[in-house]
1. The conditions are (1) within 16 Å of SER144 (Cα to Cα); (2) outside any strand (DSSP E or B); (3) in contact (Cβ under 8 Å) with a residue 12 or more places away in the chain, and LEU66 fails exactly one of them. Which is it?
2. Mind telling me which of the residues ALA81, ALA156, ALA162 ends up being without any contact (Cβ under 8 Å) to a residue 60 or more places away in the chain and either crowded, with 21+ Cβ neighbours inside 10 Å or farther than 17 Å from LEU41 by Cα (or both)?
3. Which residues, taken from the range 89-109, are farther than 19 Å from THR60 by Cα and buried (at least 19 other Cβ atoms within 10 Å of the Cβ)?
4. Please count how many residues of the range 122-167 are more than 19 Å from ALA35 (Cβ to Cβ) and among the basic types (Lys, Arg).
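All of the numbers you see were taken from the coordinates with simple rules; none came from a lab. These figures come from a predicted structure and were not determined experimentally. Glycine gets a Cβ as well: all are built from the backbone with ideal geometry, and neighbour counts include every protein chain shown.
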Amino acid sequence: MKRWIAAAPLAVLVLLGVLFATFGLHHDPHVTPAALVGKPLPSHVLPPLAGGAPVDLHTTIRGPTLVNVFASWCAPCIEEAPALMALKAEGVRIVGVAYKDDPGRTQGFLDRNGDPFAAVLVDRDGAAGLDLGVSGVPETFMVSASGQIVAKHAGALSPADADAMLRAASGTR
């Protein structure tokens, strides 16, 4: 009987190892919960990067808008910069939210990689990101003209990802 009690912790560790390995093999890290899809964009008052009075995130939404949460310290954000610049060239409205970042570093990032944003708001403490359910940057939300989140993408946005998000907003493209 004492042998079984002594072996029980080892058996539990082996079982946990098997469970974690099974989850890891079947879990796609690019698929994240989209709990806010179909719900209104959370209201947050944030200061603009360019300075001036803080504005509500809702006031930056005019027509369908991509809301891109990014940071200067984020390598995948650099990777997605060309796709965002191409979207801007196509006339897509994009609002940036600089997540847990120093405004000076954010401006340097935009100077180096291009500025695809109609507006950049600063979320220094990450409270807006928390309300959006951001688990890491970059994350992009497609917001309808009425302020409803219609799609979410975690990770660097590719042209195909952006096209799918725009189709979700308009039903065509």
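1. Looking at each condition in turn, LEU66 falls short on (2).
2. ALA81
3. Those that are farther than 19 Å from THR60 by Cα and buried (at least 19 other Cβ atoms within 10 Å of the Cβ): ASP101, PHE109.
4. Looking only at that region, the number is 2.
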